[in-house]
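Each remark here refers to the structure printed beneath this line.
Read-outs throughout are calculated quantities, based only on the coordinates presented, and are distinct from any laboratory measurement. The shown structure was predicted, so the numbers you read here are calculated from the model rather than taken from an experiment. For neighbour counting, all protein chains shown are included, and Cβ atoms are generated from backbone atoms with ideal geometry for every residue, glycine included.
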Amino acid sequence: MDVVTVEHLSKSFGDLRVISDISFSVHQGEVLAIIGPSGSGKSTLLRAVTHLETATRGTITICGTRILDGGVYADAATLRSALLKLGLVFQDFNLFPHFSVLRNITEAQVRVLRRGKAEARERALALLEKMGLAGKASAYPCELSGGQKQRVSIARALALDPQVLFFDEPTSALDPELTGEILKVMRTLAAEKMTMVVVTHEMGFARDVADRAMLMDGGVVVEEGPARELIDNPRNERTRAFLKRFSESGRT
Amino acid sequence: MVKMLGAMLEGSLVSLEIFLLTLVFALPLALPVALGRMSASRLVRVPVNLYILVMRGTPLILQILFVYFAPYYLFEASYDRFTAVIVAFTVNYAAYFAEIYRGGIQSIPKGQYEAAKVLGFTRADTFFRIVLPQVVKRILPASANEVITLVKDTALAQTIGVAELFRVAQNASARQFSTTPIFIAGVFYFVMNWAVSEAFLRAERKLAYYS
Ligand SMILES: Nc1ncnc2c1ncn2[C@@H]1O[C@H](COP(=O)(O)OP(=O)(O)O)[C@@H](O)[C@H]1O
Ligand SMILES: [Mg+2]
């Protein structure tokens, strides 16, 4: 079953068309990696699918519900309930600084999903444990390292039981020695068959963990295929050039 | 002497009343004003902006006179002087507080709204549970300035004859050919503002648990 289907999606800022005629789908339980040079529209694509930006054209279907149909959005209630099935992890975490770690993870469960306080708390503590942050429930975000903050933000997203979790360069704001702890968490999630769409520059991670990969350049999808194949034997000239630049700069 | 002190005590209670009532009305009123100032609709934004411009651009003393005498000249309606003072102070201070709120609201990073939206929070929850608490922390220092100014501005109520502390002190001082009452009034304002500063310091310390 497809969790997300995107057809002919375009987004312009004024006259600037940033993504153009993009189609792809994400199947239940798979990991899709989106790679590509900076400025190629990867963030805009995630933001358009998660409705942080309004798309200009195209169709988006989430778990069978069409939220965007030929450039026209569904009504607010349909949109809202469908979007609840998506989670998004930001590059710079965007934790709520005035809430404790625990409350960062419980607040939406209580206010949005109307879970009981005790249940929300239990779920949050279990997720913190899983993220290796068992002792940090009462800490505040400002007391955490970048890697710890990102793990809290992943827990915050997971607490709402999304059908699919989007990541926009989840390790790019971190010191290199902290990226490992985030990638490890994501590997665990992948092993548990969490459906994920990951924008990343970590080619090793994309190659080993993702089932499929998609290369974007200039706002379009240049190549798409099984992750390992696409990264090891790219067919497209632009993919090859991108990966070559990458391995030369030593970031694979 | 005792009589003078009694009168001054009464005067300081009037000043205190002006101070507290202004805060009670102006602090909440400033929120819709700030939101109106940031409204996407010109129809809302332009008049609110004009209101703020006038309030900040003309002397408070003039506004007090206007609020009290305009109804009289227009409709021959006269009303309580103390009420006029509270109205004038409230609309004036709401404008200043609104600009402080606006600065605070606009300083909250866009990412906070985006995270809230992705998590499914309603707009009201986003504003009241996520944005506003952070705004309060950020605007405390600027608000302290404004509140301290308000303590001293209460002396302007005498413009339309309200017997607040400074007027009482001036009268007593004229009667007794002595500057002592004025000096006592000065001590009162000082003590009052010392308490205000202390209250704000405590609030800041209370919110220092995060950054
Ligand atoms: N809000 C915006 N307004 C105007 N242009 C934007 C906006 N957001 C992104 N862009 C432009 O869209 C292009 C793609 O950006 P982005 O999606 O962030 O790329 P990536 O995530 O692949 O680096 C860039 O040229 C960027 O300048
Ligand atoms: Mg990006």
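General remarks:
- Shape class for chain A: oblate, because the ratio a/c of the largest to smallest gyration tensor axis (alpha-carbon atoms, square roots of eigenvalues) is 1.5 or more and b/c is at least a/b.
- Over the stretch B:2-210, equivalent-ellipsoid semi-axes from the Cα gyration tensor in Å: 37, 23, 11
- Per-residue Cβ neighbour rank within 10 angstrom, fewest leading, A:E53, A:E202, A:E248: A:E248, A:E53, A:E202
- Taking A:L125, A:L174, B:L62 and counting other C-beta atoms within 10 Å, the order from fewest to most: B:L62, A:L125, A:L174
- For the stretch A:135-241, the alpha carbon convex hull comes to 127 Å³ per residue, rounded to a whole number.
- Applying 1/(1 + (r/R0)^6) with R0 = 35 Å to the Cβ-Cβ distance of B:T180 and B:R81 gives a FRET efficiency near 0.80.
- The stretch B:119-211 shape via C-alpha gyration tensor axes, a/c threshold 1.5: prolate
- Among A:T195, B:T58, A:T5, the order by Cβ neighbours within 10 angstrom, fewest to most, reads B:T58, A:T5, A:T195.
- The residue among B:I61, B:L119, B:A7 whose Cα reaches farthest toward the positive pole of the charge dipole of chain B, with charges on the beta-carbon of Lys, Arg, Asp and Glu, is B:L119.
- Stretched out straight at 0.36 nm per residue, the stretch from A:K184 to A:C63 would grow longer than its current Cα-Cα span by 40.8 nm.
- Projected label points at B:L16 and B:R205, each 7 Å from Cα along the beta carbon direction, are separated by 2.3 nanometres.
- Within a straight-line Cα-Cα reach of under 16 Å, B:K206 can be paired with the following lysines, leaving aside sequence neighbours fewer than 8 residues apart in one chain: B:K137.
- Global size of the protein assembly as shown as Cα Rg and Dmax, reported in angstrom: 29.9, 100
- Listed residues A:L16, A:L189, A:L160, most fluctuating in chain A (Gaussian network, C-alpha, under 10 Å): A:L16
- Estimated distance in nm for a label pair at B:Y73 and B:R56, the labels positioned 7 Å out from Cα along Cα-to-Cβ: 2.7
- For the stretch B:91-140, the gyration tensor built on C-alpha atoms gives a prolate shape. Its axis ratio a/c (a ≥ b ≥ c) is at least 1.5, and a/b is the larger of a/b and b/c.
- Residue pairs exceeding 25 angstrom between C-alpha atoms, taken from A:K149/A:K244; A:K85/A:K149; A:K117/A:K184: A:K149/A:K244; A:K117/A:K184.
- Treating r as the C-beta distance of A:Q28 and B:I108 and R0 as 45 Å, the FRET efficiency rounds to 0.75.
- Of the beta bridges in the protein assembly as shown, as assigned by DSSP with both residues counted there, near 60 percent are antiparallel.
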